[in-house]
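None of the figures in this text is laboratory data; all of them are computed from the coordinates on show. Just so it is clear, the model here is predicted, and its values are computed rather than measured. Neighbour counts are summed over all protein chains in view; Cβ atoms, including those assigned to glycine, are modelled from backbone coordinates with ideal geometry.
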Amino acid sequence: MGRIPRSYLINRLITLFLTILIAATLIWVIPRLSPVDPADIMLGRMAAGAGSVANADQVLAQLRESFGLDQPMIVQYFKYLGNTLLFDFGLSTASFPTPVSSLIARALPWTLGLMILSVVITFVIGNALGAFMVWERSPKLVKVAIPAAMVFTSIPPILSGLLLMWIFAAQLRWFPLTGAYGLMVEPGWTWDFALSVLHHGFLPALSIVIVTFGFWALGMRGLMITVQGEDYVKLAEAKGLRPRYILYRYMIRNAILPQVTAFALKIGLLIAGQVLVERIFAYNGMGKLLYDAILDQDFPVIQGVSYVIILMTALSVFLVDLIYPFIDPRIRHEG
Amino acid sequence: MTEPRNVVLKVRGLSVFYATPTGDVRATDDASFDLYEGETLGLVGESGSGKTTATSGILRMVSSPGRIVAGSVELDGVDLLALKEEDLRRQRWSKLALIPQGAMNSLNPTMKISAQIADVIRTHTGKTPPRDRILELFQMVGLPGRIHDMYPHELSGGMKQRVCIAMGIALNPRVIIADEATSALDVVVQRVVAQTMAKVRDALGVSMIMIGHDMGLMAQMVDRIAVMYSGKIVEIARVADMFARPAHPYSKILIDSVPSLTQRQALRITGGITHDPRNPPKGCIFQLRCPYAAPQCREPQPLREINPGQLAACCRAEEILAGTAQAREIADA
Ligand SMILES: Nc1ncnc2c1ncn2[C@@H]1O[C@H](COP(=O)(O)OP(=O)(O)OP(=O)(O)O)[C@@H](O)[C@H]1O
Ligand SMILES: [Mg+2]
């Protein structure tokens with residue numbers, strides 16, 4: 001305990017780097033297996049816009065060159081790798097010639113904000129409910145109401161999003177239908193803007209929370225049942241400790257440990273789930289960016305977004321690896 | 001042992017049953033006994049005879065599917081089974097502590113050893129104990145001070161057991177129940193831990209209920225022995241009386257199975273409990289295996305005083321003591 005040993009840190013950093021490298025490679029290889037030529041697509045789009053394109057061959061060659069597609073594969077790969085590690089993903093083909101990195105930089109804060117908000121809420125609520133389902137002293141109502149609320153867990157996020165949108169935005173008009181902030185407010189560090197962001201983020205966050213908290217609640221319930229039968233919990237009761245103290249310090253404190261691990265592994269999936277929710281609410285995040293890029297076959301953007309998502313997952317696993325020994329004394333910084 | 005002594009713990013008619021789909025298991029059935037000030041009472045019986053269940057009844061810690069069906073447990077005149085929950089919580093540990101059967105898993109893996117002793121002291125006294133008090137407790141049970149900031153997984157089994165003993169004496173309780181506190185340890189460590197327990201007990205003068213399989217160890221550690229068979233207490237007597245002249249046929253079998261008083265050996269009884277615990281025979285609980293069973297054994301057999309200080313639940317106890325009891329007089333039911 002205390003400090004993190006340097007060898008452990010280096011070890012984890014190497015793992016992190018390798019993960020990122022493999023991910024970056026896969027992201028490069030997979031689109032290249034597709035028969036679609038991005039330059040063709042762009043040309044097609046130009047043609048559709050202008051009716052026809054004069055000296056098409058020349059334009060095509062020029063486009064290929066600007067994407068670096070005229071070079072040998074191996075050169076392309078290492079160039080790509082070097083650029084990617086520096087967060088240079090090239091230019092978007094759909095909103096040519098905007099750099100992918102600036103598209104991502106614009107979208108990332110929104111996604112991170114929405115995700116951190118909804119993930120923290122769902123993790124806290126889910127685990128608390130799971131714990132209370134097991135705790136003997138919970139009010140009866142809790143034990144009846146929670147399993148009923150779990151029904152939502154089986155709904156896909158796209159439906160929960162539409163449902164919430166229909167009820168609270170379209171019918172009740174409590175919340176705006178779409179967007180990340182109001183058209184009338186100027187983005188900046190003002191109260192108006194913050195309120196607008198919260199107001200707009202509420203339904204998207206809720207539609208994620210409502211379909212994901214059950215996962216945590218069910219997991220926590222199982223873990224709590226196991227912990228409840230442990231000798232140390234029985235002894236805690238014999239010790240005459242206060243019930244609430246036993247709940248937090250002896251039960252939840254131990255039951256939560258595997259949930260923290262699951263949390264790190266789930267980050268990637270959570271982002272994936274968020275893609276559709278962002279799309280429904282026209283929320284200007286990575287999810288919407290990715291969705292639109294897929295529709296437009298905008299490979300550089302798809303690659304960039306995928307890379308950032310994998311990077312976020314790898315980073316969160318890395319962080320949990322570092323933190324875990326501090327929350328579970330049986331695990332040491334080793335290997 | 002001749003002067004009249006105060007009763008600390010008075011158990012009367014304690015019955016704890018477990019509900020099963022095919023009926024109640026009568027794990028502890030109508031148990032009554034007294035625990036005197038400063039004495040150690042041994043509770044023996046083969047596995048499944050209801051020893052742990054009886055203690056969980058005394059502690060009022062029976063969990064589903066079990067339930068306390070009847071009885072009273074008076075600690076210094078206060079019936080624990082009738083107390084309000086919050087009052088019961090205050091009595092726990094400050095008056096009645098437990099050294100649990102599974103000491104290996106009885107410590108919270110995410111809390112430092114010292115914190116697990118400190119929390120019970122803080123809860124019941126309202127004050128966080130100084131470091132010195134924890135170290136003093138460690139010293140009493142022969143633990144090194146360096147474990148203060150350790151976690152349970154860093155301790156050996158014997159050390160964990162000692163931590164449990166230190167925890168048990170932290171509030172100077174009136175009664176400590178030790179449920180097979182040593183049986184999970186290897187033989188050498190068992191002996192040392194048992195000695196530690198005896199030393200601490202003598203130093204504090206605390207009353208104790210000690211549960212175990214090991215008749216030899218019992219003989220060295222306890223003042224009186226209560227013998228349980230299939231949920232019933234069949235005999236209670238002073239150690240010397242129990243070993244010299246057991247009055248209940250089952251106690252007699254137990255004693256005979258121990259080669260000598262000084263040699264230690266776990267209970268080894270062939271046969272085990274033969275009847276279905278959900279459906280015990282009418283009358284004496286032991287009649288199906290008793291070598292002296294007679295027609296009158298089909299009547300209920302309450303514990304009764306055979307000699308001063310010796311109680312047995314057998315209608316033929318006097319004959320057995322006199323050595324005149326005839327072998328089995330009834331056919332198997
Ligand atoms: N949760 C339960 N459900 C049903 N029956 C139970 C339960 N717990 C214990 N029993 C039964 O109660 C009886 C007494 O069990 P108990 O644990 O009190 O025995 P014991 O004397 O402490 O045994 P050991 O020496 O092995 O610790 C046994 O027949 C057991 O099968
Ligand atoms: Mg037991």
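Structure data summary
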quantity	calculated
Beta bridge orientation in the protein assembly as shown: antiparallel %, DSSP, nearest 5	65
Sum of -39500 (n - 2.57) over DSSP H runs of 4+, divided by residues of chain B (222 nm, nearest 500)	-8500 deg cm²/dmol
Inter-centroid distance (Cα atoms) of the range A:199-217 relative to the range B:140-168, Å	46
Placed amide H near residue B:141: partners under 5 Å, 5+ positions off or other chain	none
Packing-based exposure ordering (other Cβ within 10 Å, fewest first) of B:297, B:290	B:290, B:297
Principal axis dimensions, largest first and in whole angstrom, of the range A:85-209 by Cα	60, 39, 29
Spatially proximal aspartates and glutamates relative to residue A:266 (Cα-Cα < 17 Å; intrachain offsets below 8 disregarded)	A:321
Convex hull volume per residue for the protein assembly as shown, taking Cα atoms only, in Å³	230
Chain B shape via C-alpha gyration tensor axes, a/c threshold 1.5	prolate
Placed amide H near residue B:42: partners under 5 Å, 5+ positions off or other chain	B:210, B:223, B:224, B:225, B:226
Shielding of A:225-237 by partner chains, average beta-carbon count, 10 Å	5
Tilt relative to chain A, helix A:38-50 - C-alpha long axis, 0 to 90 degrees, to 10	70
Among the listed pairs A:234/B:282; A:140/A:234; B:160/B:232; A:140/B:232; B:51/B:160, those beyond 29 Å (Cα-Cα)	A:234/B:282; B:160/B:232; A:140/B:232
Residues B:207, A:316, B:63, sorted so that the one with the fewest Cβ neighbours within 10 Å comes first	B:63, A:316, B:207
Under the Karplus curve 6.51 cos²θ - 1.76 cosθ + 1.60, θ = phi - 60°, whole-Hz ³J(HN,Hα) for the range B:198-208, x wherever Gly or Pro sits	5, 4, 4, 4, 5, 5, 9, x, 7, 7, 9
Neighbourhood net charge (12 Å Cβ-Cβ; Lys/Arg +1, Asp/Glu -1) for residue B:196	+3
Karplus-derived HN-Hα couplings along the range B:84-99 (A = 6.51, B = -1.76, C = 1.60, θ = phi - 60°), whole Hz, x at Gly and Pro	5, 4, 5, 5, 4, 4, 5, 6, 4, 6, 5, 10, 9, 10, 10, 9
Sequence-distant residues sharing a close amide H with residue B:177 (under 5 Å, placed H)	B:97, B:98, B:99, B:209
222 nm mean residue ellipticity, helices alone, for chain A (DSSP H n ≥ 4; -39,500 (n - 2.57); rounded to 500)	-23000 deg cm²/dmol
Cα shape, the range B:128-258, gyration tensor, a/c 1.5 rule	prolate
Percent of beta bridges antiparallel (DSSP, chain B, rounded to nearest 5)	65
For the range A:13-29, 3J(HN,Hα) per residue [Karplus equation, 6.51 cos²θ - 1.76 cosθ + 1.60, θ = phi - 60°, Hz, x = Gly/Pro]	5, 5, 4, 4, 5, 4, 4, 5, 4, 4, 4, 4, 5, 4, 4, 6, 5
Descending principal axes extents, the range A:218-335, alpha-carbon based, whole Å	65, 37, 18
Length-normalised contact order of the range A:139-208 in % [C-alpha pairs under 8 Å, at least 6 apart]	32
Average Cα contact separation per residue, chain A, under 8 Å, 6 or more apart, as relative contact order %	27
Cα gyration tensor, the range B:80-198 - rounded (a/c under 1.5), prolate or oblate	oblate
